[in-house]
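Below is one structure, written out as structure tokens; the observations come after it.
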Amino acid sequence: MTDSKKKSDFKKDKVNYYKEIIAREKEAIRERHLNGATGREIVESLCRLSDRIITELYEFASKSYSEDPSKHSKCVIAAVGGYGRGSLSPFSDIDVMFLYQNRVDEFIQTVSEDIFHILWDLGFDLGHSCRSVGDCLKLAENDFKTMTSLIEARFITGDKDLFDSFSKTFNIRVLHRKGEFYLRQKVLDRNKRYSESGRTIQVLEPNIKDGPGGLRDIHTIYWIGKVVYKVDCIKALVPCGCLSQEDHEAIERGLNFLWRVRNDLHYLSSRKNDILGFEFQTEIAKHLRYKDEGNKPAVEHFMKDYYFHAKINSQICTDFIKKTCKSDADGRKIFSVFRQRNLEEGFVLINDSLYVARNNTDVFQNSPVKLLQVFEIAQNHGYNISDSLLQTMKKEVTKTDGEFKWGKEGGRLFLSILNSKKQISRKIRQMHETGVLDRFIPEFGELDCLVQFDIYHHYTVDEHTLIALEKLDELEEQNPRESIFCKVYREIERKDLLRLAVLLHDIGKVGGKGHVPRSADISRKILNRMDISPDDMEKVLTLIGNHVLMMHTAERRDFLEEKTIKEFSKTVGDLETLKMLMILTYADVNAVSPYAWNEWRSELVSRLYFKTYKYFTKRLYEDIDYTAEYREKINSIIEKVINKSEGTLTREQVVEFFDTLPERYITGTLASRIYTHYKLLREMKGKTVTSSVIHNSKVGYSDFLVCFEGRIGSFSKTCGVLTSKGIQILGAEIYTNSEGVAVDTLQCSDREGKAAEDDELWMEIEEDLALVLEGKKNVEEMVERQRKYIMRKRYGAISVPTEIKINNEESNSYTIIEVHAQDRIGLLYDVTRILAELRLDINLAKIVTEGNQAIQIFYLTDEEHKKIRELERLQEIASTIKKFFEPKEKREVKENVRSF
């Protein structure tokens, strides 16, 4: 056997030997993790294992080259990157640098290749480099990433003197010269990371490594500490005075927590993964031994802790950077006493920023109300609050135990802040971050990092509330000519009451489901403490108690029905409250997620607002005979249709057309759509289907106007065809004329939530719909192909309980059925098919999607176009829908048959 063959076999034996060791050791480490070992224990154990393997491989490769140490060149194997920091998660890659003095000789080339090849054979995700000392220094001087990587360089094995010499030279030539540049680049790098995540910690699926408050923030403290303060660990920053002992302990807790979460995420993913995906959160909560408590599942407690640690990490990193940059500390030195202005109550103003006066450092000790006074002065005069003052207030709030005595003055100051003509969201956020808001309204403090475990709500409850206030401020900057919401917001006289309602609208979410009435009850107690007037209190409570009403009415009800608009208007009460409720709805939904508010929702809420506005301004709530006004309205619609036809239609033709259709169609359909339907009906001779599409790009949907023989089940088939083509249905108005022809309008969008403007696709849809209605094509097979084409969303594993509601109270003419279920491809087709099999006629459909929950609302009559009133028939409907979901979904189904 040749020497080459022997060496090859020996390497294979080594690989097999180490594979067994690695598998055994990693399994033991995994067991320790599952048994509750700390995050630090696991990442350091994995690091030591890699160190041991590399050290032994270096010894093996060196001896394989030559048993004579004198023939071994001076070189070092160093860990860099995360591996250099001494921490590895289960599937982390390892970055290794082979460092030599001047040039690559035979020993270095042979040994490095042997080690790297074996590491690859062992399955390591390896990042590697082979560089001279000179190469490293040159690269570090000119490349920011290389510099950061080498800052973390850690000796593993080889010539220790060479490594120490390199480290010393690196510190002198690179770190000491590039400190200011490095600090600036790290701040820019952090700002970029935060911008990419929307600067929000409480996102639905946080990035454990790069997200705000993640591991990168802690790494940033370490990197800056090493470059600027010349320390080797974060703990060494405490004696430097730039990090408190409390902050260091908080970082250690946060680091341990994030490591433990990341380790479990790697084990569950079986790969490197830093995104705390929704599908992993429940399992990780279980592994980290969180328990269900009260009405809160374990996962919500786990995510609350995650956001809490991330929030602390982010704040400490921000404060550390500010101290290092000396932005606040230099403020007092730069601006002379002649630029300083003494204010009352123990504060001074320097360059438009508030500070505590030097001779009054205990200003808050015996008067907590001064905490609010700082914000009131800053808000109403447009001042900034200095970082040092914010830190002082934060410490005062933290160190003071027991209840703060705010008195009536506290309520007055807080309401003064809300009544400011300037934007308030930044100051309210600062109040929350310092803990002042949570002390003034302890109930709000309970919302801190409070999680709602669903994919619709992207933020914690406190962050959602703060974003909602920011949305109000953004309306101040918009053009009222371009935005109805901006125009209405500017018309509101008591913005302080609206802001108060936004701040408190979700205060009851700490109790779980059914938060709306609970929020109103809790808010009443809070408002009483503020000593707010009875009239103002009732206004705020009306807004809080009905803050979901406008969106629900716009999306889920037919507000063209007189009964619906009357009930909505009665609840709202007056025009000023209507304006406030509209803006509260806008801010609330906008703050649910970056995608919750869209042009379709904007359109619906605007329509409801104008309908209700007209109801109030024309005093439609009074018992007056509006026969003459109704005739005038019909005449106006007729004229508009004639105008849309550009004079091709006569008044007699329009009246004749109207005589064949329900009144609701005439009064609730735009003139352009009426004219289009007229033309489609004229084209029906000899055709199964006629259709037209009108795109509304600005509001993000397309109107699909279609006519065909109006049989029960035809609408379901239409839904199936649209679904098979990837079209989403947002809503539908379904009418049948006196000749039995369906005259339907469906609001549709593409998968991206935009107007579906592919005209060829709409031609295919008309052709396929005709074939389906003629029985020449199977719609079920078409839908099934689309189901297979579209991959199941990873959120599908998150259960949404199915709920069926039957309501006979809210409409005089129709039975309303709501189906709440897990969203999936073809759901609307399936439900409408069941309704068709039950011989129910759909007159109106509204579809709402909230995350992975679909809410489908149908206005129904029986075959004789009458409301369904028999109890047995209603129970049959609910039971049949229930049976459809039970075999496939296997989830609890609730029936709610409210009124018959």
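Let's see how each residue does on (1) closer than 30 Å to Leu215 by Cβ; (2) touching a helix residue (DSSP H, G or I) at 6+ places or on another chain (Cβ under 9 Å); (3) in the same structural domain as Arg32 (by the TED database):
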{"residue": "Gly81", "(1), (2), (3)": "yes, yes, yes"}
{"residue": "Ser89", "(1), (2), (3)": "yes, yes, yes"}
{"residue": "Asp93", "(1), (2), (3)": "yes, yes, yes"}
{"residue": "Gln101", "(1), (2), (3)": "no, yes, yes"}
{"residue": "Val104", "(1), (2), (3)": "no, yes, yes"}
{"residue": "Gln109", "(1), (2), (3)": "no, no, yes"}
{"residue": "Ile115", "(1), (2), (3)": "yes, yes, yes"}
{"residue": "Leu122", "(1), (2), (3)": "yes, yes, yes"}
Condition check for Glu818: open to solvent by 10 Å² or more (accessible area, probe 1.4 Å), over 15 Å from Glu555 (Cβ atoms) and either out of contact with any His (no Cβ under 9 Å at 6 or more places or on another chain) or assigned by the TED database to the domain that holds Ser749 (or both): no
Yes/no for Thr832 being under 15 Å from Leu730 (Cα atoms) and surrounded by fewer than 19 Cβ atoms within 10 Å (Cβ to Cβ): no
Long-range neighbours under 7 Å by Cβ, at least six apart or interchain, first residue touching a residue at least 60 places away in the same chain (Cβ under 8 Å) and more than 15 Å from Asn590 (Cβ to Cβ) within the range 473-501, second open to solvent by 60 Å² or more (accessible area, probe 1.4 Å) and outside any helix (DSSP H, G or I): Asp496/Asn419
Within the range 728-744, considering residues that are open to solvent by less than 10 Å² (accessible area, probe 1.4 Å) and touching a Lys or Arg at 6+ places or on another chain (Cβ under 9 Å), the one modelled with the highest pLDDT: Ala742
Enumeration of residues in the range 826-868 that are in a strand (DSSP E or B), in contact (Cβ under 8 Å) with a residue 40 or more places away in the chain and among the hydrophobic types (A, V, I, L, M, F, W, C): Ile842, Leu844, Ala845, Ile847, Val848, Ile855, Ile857, Phe858, Leu860
Residue count for the range 316-359, restricted to those that are aliphatic (A, V, I, L, M), out of contact with any Lys or Arg (no Cβ under 9 Å at 6 or more places or on another chain) and at pLDDT below 75: 2
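Scan the range 99-125 for residues that are among the hydroxyl-bearing types (Ser, Thr, Tyr) and closer than 21 Å to Leu139 by Cα and jot them down.
Tyr100, Ser112
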Positions within the range 20-79 being of a type in the set (S, T, N, Q), over 48 Å from the mean Cα position of the chain (by Cα) and part of a helix (DSSP H, G or I), in sequence order: Ser62, Ser64, Ser70
Filter result for the condition that a residue is within 23 Å of Trp597 (Cβ to Cβ) and either of a type in the set (D, E, K, R) or in a loop (DSSP other than H, G, I, E, B) (or both), over Glu803, Glu818: Glu818
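Taking the condition surrounded by fewer than 19 Cβ atoms within 10 Å (Cβ to Cβ) and more than 35 Å from the chain's Cα centre (by Cα), does Thr849 pass?
Details: surrounded by fewer than 19 Cβ atoms within 10 Å (Cβ to Cβ): yes; more than 35 Å from the chain's Cα centre (by Cα): no.
Considered against the rule, which asks whether it is surrounded by fewer than 19 Cβ atoms within 10 Å (Cβ to Cβ) and more than 35 Å from the chain's Cα centre (by Cα), Thr849 comes out as no.
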From Glu476, Glu463, Glu470, Glu446, residue being open to solvent by 40 Å² or more (accessible area, probe 1.4 Å) and farther than 26 Å from Thr577 by Cβ: Glu446
Extreme residue, most open to solvent (accessible area, probe 1.4 Å), among residues of the range 31-53 that are closer than 18 Å to Arg85 by Cβ and free of Cβ contacts under 8 Å to residues at least 60 places away in the same chain: Arg48
Segments classed as helices (runs of 4 or more DSSP H), wholly inside the range 488-574, with at least 3 members that are at pLDDT 95 or above and under 23 Å from the mean Cα position of the chain (by Cα): 495-504, 549-556
Failed item in (1) surrounded by 19 or more Cβ atoms within 10 Å (Cβ to Cβ); (2) not in a helix (DSSP H, G or I), with Ile694 passing the rest: (1)
Residue ID - modelled with the lowest pLDDT, chosen from residues in the range 575-594 that are outside any helix (DSSP H, G or I) and buried (at least 19 other Cβ atoms within 10 Å of the Cβ): Ser593
Residue in the range 139-148 that is touching a residue at least 24 places away in the same chain (Cβ under 8 Å), open to solvent by 20 Å² or more (accessible area, probe 1.4 Å), farther than 18 Å from Lys272 by Cβ and in a helix (DSSP H, G or I) present: yes
Residue in the range 379-386 that is among the aliphatic types (A, V, I, L, M) and assigned to a helix (DSSP H, G or I) present: no
Identity of the residue in the range 633-674, under 24 Å from Lys614 (Cβ atoms), among the hydroxyl-bearing types (Ser, Thr, Tyr) and without any contact (Cβ under 8 Å) to a residue 60 or more places away in the chain, that ends up surrounded by the fewest Cβ atoms within 10 Å (Cβ to Cβ): Ser636
Only one of Phe404, Phe375 that is within 31 Å of the chain's Cα centre (by Cα) and closer than 30 Å to Met537 by Cα: Phe375
Residues located in the range 266-283, provided they are farther than 19 Å from Lys311 by Cβ and part of a helix (DSSP H, G or I): His266, Tyr267, Leu268, Ser269, Phe278, Glu279, Phe280, Thr282, Glu283
Selection count where residues are within 19 Å of the chain's Cα centre (by Cα) and among the basic types (Lys, Arg), scope the range 450-487: 1
Qualifying residue in the range 362-371 (condition: in contact (Cβ under 8 Å) with a residue 60 or more places away in the chain and in a loop (DSSP other than H, G, I, E, B)): yes
In the range 351-373, the residues that are open to solvent by less than 20 Å² (accessible area, probe 1.4 Å) and either closer than 19 Å to Glu403 by Cα or among the basic types (Lys, Arg) (or both): Val363, Phe364, Leu371, Leu372
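Having 2 or more residues that are under 30 Å from Glu56 (Cβ atoms) is the bar; report the helices (runs of 4 or more DSSP H) wholly within the range 149-265 that clear it.
160-170, 215-228
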Filtered residues of the range 230-247 (kept if without any contact (Cβ under 8 Å) to a residue 24 or more places away in the chain and either open to solvent by 20 Å² or more (accessible area, probe 1.4 Å) or of a type in the set (Lys, Arg) (or both)): Asp232, Cys233, Ile234, Lys235, Ala236, Val238, Pro239, Cys240, Gly241, Ser244, Gln245, Glu246
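The values are calculated or read from the model by the stated rules, or taken from the named source; none is laboratory data. What you see is a predicted model, and the numbers here were worked out from it, not measured in a lab. Every residue, glycine among them, receives a Cβ derived from its backbone with ideal geometry; neighbour counts consider all protein chains shown. SASA here: full protein model, heavy atoms, side chains in, ligands and nucleic acids out. Shrake-Rupley method; radii C 1.70, N 1.55, O 1.52, S 1.80 Å.
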